[in-house]
Each structure stands twice: as structure tokens, then as C-alpha cells.
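Reviewing the structure listed below.
The values are calculated or read from the model by the stated rules, or taken from the named source; none is laboratory data. Bear in mind the structure is a predicted one, so any value in this text is a computation, not a measurement. Every residue, glycine among them, receives a Cβ derived from its backbone with ideal geometry; neighbour counts consider all protein chains shown. For the accessible areas, the whole protein counts, side chains as well, though only heavy atoms, and no ligand, DNA or RNA atoms are used. Shrake-Rupley method; radii C 1.70, N 1.55, O 1.52, S 1.80 Å.
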Amino acid sequence: MKIENYQLLLKRYWGYDDFRGVQREIIESIGSGHDTLGLMPTGGGKSITFQVPAMAMKGVCIVITPLIALMKDQVNHLHRQGIRAAAIYSGMQHDDILRTLENCILGSTKLLYVSPERLSSQLFQKKLSHMQVSFITVDEAHCISQWGYDFRPSYLEIANIRHLLPDAPVLALTATATPKVIDDIQDKLTRHADATGKPVTPDFHVFRMSFERKNLTYFVRHTPDKHYELIHILEGLSGSAIVYVRSRRHAREIAEHLCEAGLSATFYHAGLEHTEKDRRQRDWQHDRVRIMVATNAFGMGIDKPDVRVVVHYDCPDSLEAYFQEAGRAGRDGQPAQAILLYNASDTGKVLKRIDDTYPPRDYIKEVYEHLAYYYQIATGDGYGVCREFNMDEFCQRFHHFPIRVHAALQILQRAGYIEYDEEADNQARVHFLVRREDLYRLDRVTPDEERVIISLLRNYGGLFADYGYIDEGFVAQQAGLTQPQTYDTLKALAGRRLIDFIPRKQVPYIRYMQRREDKAYIHLSREIYEDRVEQYRLRIQAMLHYAQSDDCCRSRQLLAYFGETDAKDCHQCDVCLANEGRLVTRQGQQDACQKIATLLADKKRHHLTELLRLQVPTEELDAALAHLVQEEKVFQEDGFIELA
């Protein structure tokens, strides 16, 4: 197809006059039937590169992505544009999945989004063999590489899908890939034979869009008090913000501290209810809340272009993770900042993650043995056994720490001994125990019960014949009740034997993929253990070098890590400003020291936030405070300062 025809589709459905970056080259390549790898930064317009050719080519485009939130968001967006798209994800009822796949076979769907875990389903593979597939899109393609920072074994199933569809080209897309990962992606996805089984020459076309973001300025702030520094940053900047932390508890605590300081903030992590996550995300996206404090569960697939600052309160594990998360700032092309908070204690914390993430071999074998004791599975038994896993109970019984058990289970999964589903989401289920006509003859039904019953009948089918999955948050919304009220009402209806109600729960599962071995025979290959430990160690070291170095432009450091070695200084980051003498002058630091001394002259304790009233530039204030503390002229503890 001529590029002019692609441009007409772009204008008709998306309203753009022309493509940008390497979008044109990627579209022409996949449209010509070539396996294609597109390397584009966050905000570079990846979705256009597969959605436009999907509309131009016959058949359905299979889009493989690990992000359910992204699936739903893009499908809804495509529907509003008049494009036929669908998604298959966990929690869908069997009939809905079947209907979606049948529509793809009939040709009434142009884009089908699926999670990588779905690829191994017999139902999916059977239906896929009857579809006319235009091409396969692999989003977040770095997940297929064992050298990538976010390797997901389920992505390896894509190779089997290629055997089922040998004539369908692949479009792999990623925003974070080192040269080694780029080679691995191509190796894992390369088509080795055509439909007749005849060997074919590898034909991957690679297109790279520079990862440089000229509007995004990178800073590393060395500070003894991250809490004070965070408030200082957020009060000094306007616009929407994301603050990344490493734990759920930390997310909640920091959001509360920010609110206490008079800032508009909320928090987000994977443990929240779906409806609560959606509500908080909407509040932030529509600027009802300014600051989102979140774990790395937040951000993937979030389409908010006007984020002005991304702050990393805790140091990430890798430059890949940092670069992707920082890249969520300034997607509208306007000036934005990415700030990493760092202090001396971070070095030890980050290095400790190596042992936490890859505990010793003997410890991993011990966890495997204790797991068998926990489930009472004898040697030689257990194949296919699937059980709930209570992490707290297991750790208490066998005297383990959760972080190391979690790491050991992931390694055992990669070695093929178990399948460890950390947060299997079992949606709530309802089954009516009375006939439909009996519902109309009920007496003593409360108003809340009536609303919930009506909501169930209007939105879900088949509940009289069998159990059906429901979304408690959606039922609550339709009934005009809060989620706790809806839960209590469903329990009350179950107590009256009108329904059987199985509440939603989020609990890990473990499935034995092999018969239980004696721990002496557990084999962890070099590829599974030593090679991964070394790769993780190198990523940690690269992250620490970035945080600690002050002799090379931040943007150049990041770009060099991803293979762009000819980048120029940005003239905006903390390193460039310091090297160019535009950061902190001696006089500026002395003036700031004098103002701090004047504030503390009353010999009382003052909260660090009071320094913000001094109207001193951030860099000078930070340098002055660090100097006074180091010289032991000022004592600092728990967010307060006073004369020493």
C-alpha cells in the first residue's frame, strides 16, 4: 500500500496530517510483510505504528501486551474512533471470550488485544488457527529477553504462536532496550520457516527513534532529608506530578505527608481494589488530584501528556526502569523534569537488593522443600497440584522473610518447577438460588437489596443457570451505593438464601509443574541463576553510577546506556549546570547559610518546611543546609532543624 493511503487513514481516524519520527518507516515495513522492530521513546507514538496498518490490511491484528489497563483504555479509545477492537483478559466470562474470538474469525474485528498468558490457552490457539491474521504486534517487547530488566516467561509463548501463523509478520515495539536486548528480541521472535516448513532467511527490519527527550531535564538531588526535599520540589513546581516509591506502605505514608503539607495527593499500588484504582487514576488524570504517589504498578499505558515532574523517592533497580518511568513526564513536548532523590544510605539499600532478589542456591532449595512440607506433598507426587499460597503463614511457620521467599519462588518458576501467580485476581461470583419469577413475589426486601438485585439483572446474564463473574464496584456504581454497602447487601442476600455469593479475593497461587523432587536434585542452570545474578548486578551498578556521578551530562549517560554514544550535553541537568558554573555560587551558598542562621537565632526547633519561606533558590538552600549540617553548626533530625 502507498504511504498516501496510510496518511488518509491517519487523518480520518486520528486527525493527524502526517507521521512523525520513524512511524512512517515502521508502518511501511510491517505493511510490506517484513518482521519489524521499532525502538521508540515513551510518548513516541508507538500505538499509531500498529493501529494504522491494522486498519489498512485484511484480517485481524493480534496485539500482545501485559497491561490489562492499557488494553481496556485503547479498546475504548478505538471504539470512540469508530474502529472495531476487542480484548481478552483475566476475569472475562467464558461466553464473552468465545464471542470475542468468533467475531475475529468472522472478520468483524480489526485489532484483538491479548495478554501473553492467554497465548497458551487451547481455546485461543484453536480459534486463532481459523482467523485471518494480518500481523502480530508485540508490545513491551523487551519482556521476551532474559537480559531485559522485566523478563516475563509467558512472552516466550509467542514463538509457538509464530508456528501457528508462519505467514503473519511480527511488529515488536519497546521504549527501553539495550543493544544486547535488541539482539535477543530479534533472536526470540525470528521466523525460521514458512507455512510449508521451508527454512527462511531472517528478515528483521530495525528502526530506531532517538531516545533523547530535549524537553525533559534530568536531575539527581543529593539530600539528607528526602521528605523535606520532596515537599520543596513540589511546592516549587506547578502542574501534575508522579512520585515513585518501592513499597505500598511507603506510597500511603508519603501521600499522607504531602496532604498534611497542604498538597493535593493520593496513592496507588497493585493491592488496591480495581474500582478504587480506577477512581484514583481518573481523579489524577482529570486534575482533581495533582500528585500521584505510586509503586511501579502505576503508569504503564497511562495517557496523560501534561505531567510536569516525575520524582523517584526511592532509587530504582535499573536505568531501564528509571528511564521508562521518568519518561512519563512531558509527553506533550513542554518542559518537564525527572528528579531522583539520593543520599548515602541508598547505596547499601540498593546493593542489598542483589541478595534479596537472588538468594543463595541452598536457600532456594530450602524454600522448595518447605513448600512441599507446607502442602504435605511427598517426593514423586504433586504434578499439576494448584493451591492457594498464604505468604505470611508460610513465613511464620518456617521462619522466612517474605522478600526472599518471593524471590526464591520466582527463580523456581523460571526453572520450571512451579508456577507462581503472585496476585491471581478471583473476581466475585454470584448465582441466583431462586427462579426469576420468584424474585417478584419477595416481601421484606430492603431498598438497598432491591437496587443490587436490579443492578445484577440488568448487567449480567446467566446468573440463574450458573455462577457468573461480577464487578462489585460496577454493581455498586449502578445501584447508587458505596462498595462496602454493596458487599454487605450481597452478603445479606446470600444469608437469606436468595443468592450464593463468593466474594472477590486477591491471593497468590502455586502450581506444581513437575513431580516433587528431593531438594538435592533441584537443578538451577547457569542461565537461570548465575547469568541472571550477574546481569542484575550490572544493572544495579549502572544505576548507582548514574546516581553518584557528577562528571557527565545526565541525558548523555542515559542515552549511552541504550547505545546512543554520539549525544551532546543537554545544558540543563544538574551536572551541566554545575560544570557551566550556573548551579550554586559560593556567595549564593553563604547568603543562604546566613538566612538559615537568622531563622534559627531564636534557638528553637524549626520544621524543615519553614525554610521554604526564605525565598532562596532550591539548589542554594540544599547546598547551604548540607554545609551547615556537615560543619555541625546545625542539628537535623526527624524533619526538624536547630542550632547545634
**Report entry** Number of the exception - Phe501 against (1) touching an Asp or Glu at 6+ places or on another chain (Cβ under 9 Å); (2) touching a residue at least 60 places away in the same chain (Cβ under 8 Å); (3) surrounded by 13 or more Cβ atoms within 10 Å (Cβ to Cβ)
**Finding:** (1)
**Report entry** Neighbours by Cβ (under 8 Å, 6+ apart or cross-chain): first from segment 205-220, open to solvent by 20 Å² or more (accessible area, probe 1.4 Å); second assigned to a strand (DSSP E or B) and among the acidic types (Asp, Glu)
**Finding:** His205/Asp35
Query - Single residue of Ala578, Ala592 found to be without any contact (Cβ under 8 Å) to a residue 60 or more places away in the chain, loosely packed, with under 15 Cβ neighbours inside 10 Å and closer than 26 Å to Ala547 by Cβ - result: Ala578
Requested in this report: Taking the residues in segment 460-494 that are surrounded by fewer than 14 Cβ atoms within 10 Å (Cβ to Cβ) and touching a strand residue (DSSP E or B) at 6+ places or on another chain (Cβ under 9 Å) as candidates, determine which candidate is modelled with the highest pLDDT.
Outcome: Lys491
Report summary line: The number of residues in segment 1-56 that are within 19 Å of Gly327 (Cα to Cα) and small (Gly, Ala, Ser) is 6
Report task. Sort out which residues of segment 1-25 are open to solvent by 100 Å² or more (accessible area, probe 1.4 Å), outside any helix (DSSP H, G or I) and of a type outside the set (Phe, Trp, Tyr), and write them in order of number. Result -> Met1, Lys2, Asp17, Arg20
Report summary line: Within segment 401-415, residues open to solvent by 10 Å² or more (accessible area, probe 1.4 Å) and among the small types (Gly, Ala, Ser) come out as Ala415
Query - Lone unmet requirement of (1) open to solvent by less than 40 Å² (accessible area, probe 1.4 Å); (2) at negative phi; (3) in contact (Cβ under 8 Å) with a residue 12 or more places away in the chain for Cys395 - result: (3)
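For Phe323, state whether it is touching a strand residue (DSSP E or B) at 6+ places or on another chain (Cβ under 8 Å) and either open to solvent by less than 20 Å² (accessible area, probe 1.4 Å) or not in a helix (DSSP H, G or I) (or both).
Values: touching a strand residue (DSSP E or B) at 6+ places or on another chain (Cβ under 8 Å): no; either open to solvent by less than 20 Å² (accessible area, probe 1.4 Å) or not in a helix (DSSP H, G or I) (or both): yes.
Judged against the criteria, Phe323 is not a match.
Among the residues of segment 595-626, how many are part of a helix (DSSP H, G or I) and either touching a residue at least 12 places away in the same chain (Cβ under 8 Å) or of a type outside the set (D, E, K, R) (or both)?
Selection size over segment 595-626: 21.
Looking at segment 493-516, which of its residues are under 15 Å from Tyr374 (Cα atoms) and over 30 Å from the mean Cα position of the chain (by Cα)?
The initial filter retains those residues of segment 493-516 that are under 15 Å from Tyr374 (Cα atoms), namely 508-512, 516.
Matches in segment 493-516: Arg516 only.
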Query raised in the report: Using beta carbons and a limit of 6 Å, which pairs, at least six apart or on different chains, have the first residue in segment 98-115 and closer than 18 Å to Phe50 by Cα and touching a residue at least 12 places away in the same chain (Cβ under 8 Å) and the second one open to solvent by 50 Å² or more (accessible area, probe 1.4 Å) and not in a loop (DSSP other than H, G, I, E, B)?
Result: Thr109/Asn103
Report summary line: Filtering helices (runs of 4 or more DSSP H) wholly in segment 528-580 for at least 2 residues that are under 30 Å from Pro153 (Cβ atoms) gives 530-548, 554-561
Query raised in the report: In this structure, is Thr178 among the polar types (S, T, N, Q) and surrounded by fewer than 18 Cβ atoms within 10 Å (Cβ to Cβ)?
Result: no
Requested in this report: Go through segment 346-355 and count every residue that is open to solvent by 50 Å² or more (accessible area, probe 1.4 Å) and either touching a Gly at 6+ places or on another chain (Cβ under 8 Å) or under 17 Å from Tyr546 (Cβ atoms) (or both).
Outcome: 2
Query - Tally of residues being open to solvent by 10 Å² or more (accessible area, probe 1.4 Å) and outside any helix (DSSP H, G or I) across segment 276-303 - result: 12
Requested in this report: With the checklist (1) touching a Phe, Trp or Tyr at 6+ places or on another chain (Cβ under 9 Å); (2) touching a residue at least 40 places away in the same chain (Cβ under 8 Å); (3) under 28 Å from Thr176 (Cα atoms) in hand, flag the one item Lys72 doesn't pass.
Outcome: (2)
Query - Near pairs, Cβ below 8 angstrom, 6+ apart or cross-chain, from segment 504-516 (closer than 26 Å to Pro484 by Cα and in a loop (DSSP other than H, G, I, E, B)) to any residue that is of a type in the set (D, E, K, R) and open to solvent by less than 70 Å² (accessible area, probe 1.4 Å) - result: Arg504/Asp425; Arg504/Glu472
Query raised in the report: Do you know which of the residues in segment 78-95 that are open to solvent by less than 60 Å² (accessible area, probe 1.4 Å) and free of Cβ contacts under 8 Å to residues at least 60 places away in the same chain is farthest from Asp421 (Cα to Cα)?
Result: Leu78
Report summary line: Filtering segment 29-56 for residues that are open to solvent by 10 Å² or more (accessible area, probe 1.4 Å) and farther than 26 Å from Gly333 by Cα leaves a count of 6
Requested in this report: May I ask you to list the residues in segment 386-417 that are closer than 29 Å to Arg526 by Cβ and part of a loop (DSSP other than H, G, I, E, B)?
Outcome: Phe389, His400, Phe401, Ala415, Gly416, Tyr417
Report task. Name the single residue, out of those in segment 356-371 being farther than 27 Å from Arg221 by Cα and free of Cβ contacts under 8 Å to residues at least 60 places away in the same chain, that is most open to solvent (accessible area, probe 1.4 Å). Result -> Asp362
Query - Count of residues meeting criterion [of a type in the set (Ser, Thr, Tyr) and under 23 Å from Leu234 (Cβ atoms)] in segment 585-610 - result: 1
Requested in this report: Could you please find all residues in segment 535-566 being of a type in the set (D, E, K, R), farther than 17 Å from Pro179 by Cα and open to solvent by 40 Å² or more (accessible area, probe 1.4 Å)?
Outcome: Arg537, Asp550, Asp551
**Report entry** Count - residues of segment 628-644 that are in contact with a strand residue (DSSP E or B) (Cβ under 9 Å, 6 or more places away or on another chain) and either free of Cβ contacts under 8 Å to residues at least 60 places away in the same chain or in a loop (DSSP other than H, G, I, E, B) (or both)
**Finding:** 10
Query raised in the report: If you go through segment 234-275 one residue at a time, how many are in a helix (DSSP H, G or I) and open to solvent by 50 Å² or more (accessible area, probe 1.4 Å)?
Result: 11
